[in-house]
Amino acid sequence: MSAIIKKAFTILCSAVIAGAYMLAAFPGAVKADETIYPDNPDDGIITQNEQQTDLLNEKHDNWPKINAAAYILYDATSGAILLGKDYETQKEPASMTKIMTILLALERLQMNQTITITAAMAKDIKNLDKDYVRLGLQEGEEITVKDLIYASVLKSANDCCIALAYQMGGTEAEFCKIMNEKAEELGCRNTHFTSCFGYAKPDNLTTAYDLSLILNEAVTNTEYSKIAKTYTYKISATNKYSSARELQNANRFISTADFKYDNYAGGKTGYTDSAGYTLCAAAKKDNRVLIGVLFNSGSSTIRYRDMIKLFDYGYTSFTTVPITEAEFTPLINDTRNQMVRLMSETNLYISEMKAALTSHVTTTSSRAQLGSTNKIDLSKTVIDSQAEEQTLEIPLCKVYSDKTYVVGKLVVKIEQKAGVIEINPKKKTHLTDARRVLTVFAALSGLILVIIIVALIFRANMIKRRRNESTRKPNML
């Protein structure tokens, strides 16, 4: 019997070897961690993080000369910095500080709300330097939030900012904490307010970049733009003033013909002996917002001329392009089909696929004029056949003649199909058809082994019986 079993085992081993060979040749097998897309790297790829400062690295022959210690031209629509110098260096903003105070007042207070000037407010107002601009608020005076806001912006009235700060924070110091929290919320990196109106304190500091974020928030999400572009405003009589007070906008973009700028969307001037002449302004054109900030400009008039230079250069030399999912839809569908085909003989399937895109990208106008194409960069896409669940982030790109911008990502979630029995849990192949072959092969091998053993036993019995019969015949004769 042992000889029979040995012979059966030999036959089974041969079958196993043949089966292993067949499995190795099985089409569609995906190895673990296999890159299923060819490696095809592109030069000049600009990531989303790099796009903010990438244009500063390009040569600009007609770069405007700006007379300021620090400045920035910021495309708020795309988040790109178009031009700049020391824009991350902390500087005294002077009255540009008021933008944050007004922004918070517009968010937190009602315009028709009445504020009474308290003794504490009046004391701080009285301590203002004599050359600091003020509306002339008196202790006990009742005045609306709207009047205080317009006076703060149009006249740059410091006493009005103090009243607003006390109303929101209880004290100026507590309100400055609110200012700094808001700055951090907006993404400011180097801002520290210690004054609600821009007092000449060495520690009331911000940067050109941070202030561009603050002004953009004000002109985009509040009524600040409308207020800043108002030519005149009348404050009605109060319990302390029997006649109305009329305010004229001191900003020369509004008050003079020499510096009138049609695309002006709001801003704020500033000046102290230590800060010099400062100016920040926003411009809106063709649904595109540009923000300019100047610190320590050459003079009161030069700051306006330089700001117009920045805006004109920004709108003519750079183009901001909207990015929509619709333009990537055909590519996304094609990618899905490719992946489905490649995984058709595996146990993997796409459980979720979605695009996450930036809203806009900015490049030079000369580059944009040559046109662009879209693509999905599959060069580094890897599918792990051993993972129970995996998420791929595939770059979505806008390709120009000499530069490729990553404008988003295609997020693909891949999972295993349920209900599959693992043959070897330590080495998973995730191949549905391969498993089926293995399962059938194992069952057939067992069945064949049983049949072979039964057949061999039957054959041995037959041979033995014939021998016995042959032995008995001579005895019978």
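The values are calculated or read from the model by the stated rules, or taken from the named source; none is laboratory data. Because the structure is predicted, anything quoted here is derived from the model rather than measured. We place every Cβ from the backbone using ideal geometry, glycine too, and count neighbours over all the protein chains shown.
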Which members of the stretch 125-135 meet the condition of being over 42 Å from the mean Cα position of the chain (by Cα) and either among the polar types (S, T, N, Q) or surrounded by 13 or more Cβ atoms within 10 Å (Cβ to Cβ) (or both)? ILE125, ASN127, LEU128, LEU135
Reported set for the stretch 208-232 where residues are over 21 Å from GLU107 (Cα atoms) and either part of a strand (DSSP E or B) or in contact (Cβ under 8 Å) with a residue 40 or more places away in the chain (or both) is ALA208, TYR209, THR232
With the condition kept exactly as written, say whether any residue in the stretch 138-151 is surrounded by fewer than 18 Cβ atoms within 10 Å (Cβ to Cβ), in contact (Cβ under 8 Å) with a residue 60 or more places away in the chain and in a loop (DSSP other than H, G, I, E, B). yes
Boolean, LYS123 is in contact (Cβ under 8 Å) with a residue 24 or more places away in the chain and of a type in the set (Lys, Arg): no
Could you name every one of the strands (runs of 3 or more DSSP E) located completely within the stretch 68-130 that has at least 3 residues being under 16 Å from MET168 (Cβ atoms)? 114-116
Within the stretch 326-361, the residues that are charged (D, E, K, R) and touching a helix residue (DSSP H, G or I) at 6+ places or on another chain (Cβ under 8 Å) are GLU345
Near pairs, Cβ below 9 angstrom, 6+ apart or cross-chain, from the stretch 256-273 (under 21 Å from GLY198 (Cβ atoms)) to any residue that is modelled with pLDDT of 95 or more and among the acidic types (Asp, Glu): GLY270/GLU92; THR272/GLU92
Apart from one, (1) under 25 Å from the mean Cα position of the chain (by Cα); (2) charged (D, E, K, R); (3) surrounded by fewer than 21 Cβ atoms within 10 Å (Cβ to Cβ) all hold for LYS234; the odd one out is (1)
Against the conditions (1) more than 30 Å from LEU279 (Cβ to Cβ); (2) over 26 Å from the mean Cα position of the chain (by Cα); (3) modelled with pLDDT of 90 or more, where does THR47 fall short? Just the number, please. (2)
